[in-house]
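Novice: The structure that follows is given in the form of structure tokens.
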Amino acid sequence: IWLPLGILLGLAAAAAMLMFIRSRGSMVGQLRDAIRRKRLVMHYQPIVDLASRRCIGAEALVRWPQQHGTMIRPDVFVPLAEDNGLIQPMTDLVLELICADMATLLQLRSDLYVSINLAAIDLSTDRFIQVLAHKLPQAGIESARLAIEATERGFMDVNSAQEVIGKLRAAGHKVLIDDFGTGYSGLSYLQTFQVDVLKIDKSFIDTVGTEAATASVAPHIVEIGHALKLKIIAEGVESEDQAQWLQAHGVQSGQGWLFGKPMPAAAFLAFLAQDRQKALS
Ligand code: C2E
Ligand code: MG
Ligand code: MG
Ligand code: MG
């Protein structure tokens with residue numbers, strides 16, 4: 001009796017595996033199709049100056065809309081794009097969508113910047129630098145208005161990332177190190193090459209402003225930023241207590257649900273209009 005049962009279980013496992021591979025396979029196909037048909041959308045999350053609470057910029061975050069109105073999160077499909085040769089067309093589409101939205105955003109606030117997230121592959125060669133050099137002038141957008149977010153984990157090779165980041169900065173882009181503190185590359189790279197801003201990862205901000213904060217590494221991460229004379233953006237700020245703590249510790253800017261969730265471009269325009277009212281009142 002055990003032998004047939006074992007075979008049966010083995011078959012069931014194989015069938016489940018096959019279904020999993022199939023669903024992944026069709027998901028890749030659907031993603032490829034969505035990129036080709038330009039069916040991704042961008043959401044924008046405000047980045048604010050902690051002292052004045054005014055919006056100074058926004059992070060562009062990609063979304064994959066589904067038929068029934070839901071959105072697939074980038075945590076799910078960006079890795080899929082990375083593994084299936086779709087990052088370059090995806091990044092190009094993301095840039096195209098951002099440029100289209102920025103035309104209107106900059107009319108309302110010409111001093112604003114929008115940051116784009118790059119994948120490891122984008123940072124490994126000059127290709128995207130060429131794309132930027134071509135597309136931004138075409139869209140009439142100055143390079144200072146588009147910041148670049150690079151994660152430490154995103155350095156496939158630190159030397160080529162250094163070269164690409166150097167060229168992006170030379171072209172006038174600000175470079176933000178995303179998810180700072182969660183990478184595996186160590187801190188030494190920050191002494192050999194220049195960046196503009198550290199974005200402290202949400203996981204460190206979570207404990208800030210609570211009793212657990214005394215045991216937290218957040219203050220030390222902030223100190224590293226100060227020692228390197230870099231600007232700091234705190235990610236994932238959800239409470240007023242966190243905002244107060246950060247400001248008291250010399251962090252200039254914040255991003256998180258306290259100030260605004262990621263929203264479609266039209267909603268972000270309305271947010272900016274309100275932000276302007278705030279400044280006038
Ligand atoms: P990230 O660049 O670190 O983006 C911040 C993430 O934290 C966003 O998730 C944002 O919605 C979320 N977040 C911000 N504030 C809060 C908060 O107060 N509370 C909570 N719980 N979450 C908050 P999202 O949009 O799901 O993006 C996830 C990741 O996907 C991003 O992490 C980024 O690494 C990647 N990603 C997003 N858009 C793109 C893109 O256009 N290209 C590439 N290559 N990667 C992207
Ligand atoms: Mg980011
Ligand atoms: Mg981040
Ligand atoms: Mg993060």
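Novice: Pairs please, first residue from region 192-207 and closer than 16 Å to residue 250 by Cα and within 11 Å of ligand 4 (Cβ to nearest atom), second anywhere and among the small types (Gly, Ala, Ser) and in a strand (DSSP E or B), Cβ atoms under 6 Å, 6+ apart in sequence or on different chains.
Specialist: What qualifies is 200/234; 205/234.
Novice: So residue 67 clears everything in (1) over 30 Å from residue 231 (Cα atoms); (2) of a type in the set (S, T, N, Q); (3) part of a helix (DSSP H, G or I) except one condition, right? Which one?
Specialist: Only one criterion is unmet by residue 67, namely (3).
Novice: A further question follows. Got a number for residues in region 127-138 being more than 16 Å from ligand 2 (Cβ to nearest atom) and open to solvent by less than 50 Å² (accessible area, probe 1.4 Å)?
Specialist: Number of matching residues: 4.
Novice: Follow-up. Between a first residue in region 83-106 that is at negative phi and a second residue that is part of a helix (DSSP H, G or I) and of a type in the set (Asp, Glu), which pairs have beta carbons less than 8 Å apart while being 6 or more apart in sequence or on different chains?
Specialist: Sorted first by the residue in region 83-106, then by its partner, the pairs are 87/122; 88/122; 91/122.
Novice: Any residue that is closer than 30 Å to residue 261 by Cβ and surrounded by 13 or more Cβ atoms within 10 Å (Cβ to Cβ) - is there at least one of those in region 11-27?
Specialist: Checking region 11-27: at least one residue is closer than 30 Å to residue 261 by Cβ and surrounded by 13 or more Cβ atoms within 10 Å (Cβ to Cβ).
Novice: Confirm whether residue 33 is among the acidic types (Asp, Glu), open to solvent by 40 Å² or more (accessible area, probe 1.4 Å), under 25 Å from residue 64 (Cα atoms) and at pLDDT 90 or above.
Specialist: Here the answer is yes, as residue 33 does meet what is asked.
Novice: In region 108-154, what residues are among the aliphatic types (A, V, I, L, M) and in contact (Cβ under 8 Å) with a residue 60 or more places away in the chain?
Specialist: 108, 112, 114, 147
Novice: Output yes when any residue across region 84-106 is assigned to a helix (DSSP H, G or I), within 13 Å of ligand 1 (Cβ to nearest atom), surrounded by 17 or more Cβ atoms within 10 Å (Cβ to Cβ) and among the acidic types (Asp, Glu), and no when none is.
Specialist: Checked against the condition, which is being assigned to a helix (DSSP H, G or I), within 13 Å of ligand 1 (Cβ to nearest atom), surrounded by 17 or more Cβ atoms within 10 Å (Cβ to Cβ) and among the acidic types (Asp, Glu), region 84-106 yields at least one hit.
Novice: Continuing with the same structure: Which residues, counting only those in region 132-154, are closer than 15 Å to residue 195 by Cα and assigned to a helix (DSSP H, G or I)?
Specialist: The answer is 144, 152, 154.
Novice: Then there is this: Take the residues of region 36-52 that are of a type in the set (Val, Ile, Thr) and buried (at least 21 other Cβ atoms within 10 Å of the Cβ): which is farthest from residue 105 (Cα to Cα)?
Specialist: Looking at residues that are of a type in the set (Val, Ile, Thr) and buried (at least 21 other Cβ atoms within 10 Å of the Cβ), I get 48.
Novice: Something else now. Looking at (1) over 28 Å from residue 46 (Cβ atoms); (2) part of a helix (DSSP H, G or I), which one does residue 187 not meet, given that it meets all the others?
Specialist: With respect to (1) over 28 Å from residue 46 (Cβ atoms); (2) part of a helix (DSSP H, G or I), residue 187 is out only on (2).
Novice: Then there is this: Filter region 231-267 for residues that are more than 16 Å from ligand 2 (Cβ to nearest atom), open to solvent by 20 Å² or more (accessible area, probe 1.4 Å) and under 26 Å from residue 193 (Cα atoms) and give the result.
Specialist: Those that are more than 16 Å from ligand 2 (Cβ to nearest atom), open to solvent by 20 Å² or more (accessible area, probe 1.4 Å) and under 26 Å from residue 193 (Cα atoms): 249, 250, 252.
Novice: Check region 129-148 and report whether any residue there is closer than 19 Å to residue 183 by Cβ and either more than 16 Å from ligand 4 (Cβ to nearest atom) or of a type in the set (A, V, I, L, M, F, W, C) (or both).
Specialist: yes
Novice: Can you tell me which residue is farthest from residue 47 (Cα to Cα) among those in region 196-205 that are under 16 Å from the mean Cα position of the chain (by Cα) and open to solvent by 10 Å² or more (accessible area, probe 1.4 Å)?
Specialist: Taking the candidates together, the pick is 203.
Novice: Go through region 107-118 and give me each residue that's open to solvent by 40 Å² or more (accessible area, probe 1.4 Å) and part of a loop (DSSP other than H, G, I, E, B).
Specialist: 110, 111
The values are calculated or read from the model by the stated rules, or taken from the named source; none is laboratory data. Keep in mind that what you see is a predicted model, and the values were worked out from it rather than measured. Using ideal geometry, Cβ is built from the backbone for each residue, glycine included, and neighbour counts are taken over all protein chains shown. Surface accessibility is based on the protein's heavy atoms, side chains included, excluding ligands, DNA and RNA. Shrake-Rupley method; radii C 1.70, N 1.55, O 1.52, S 1.80 Å.
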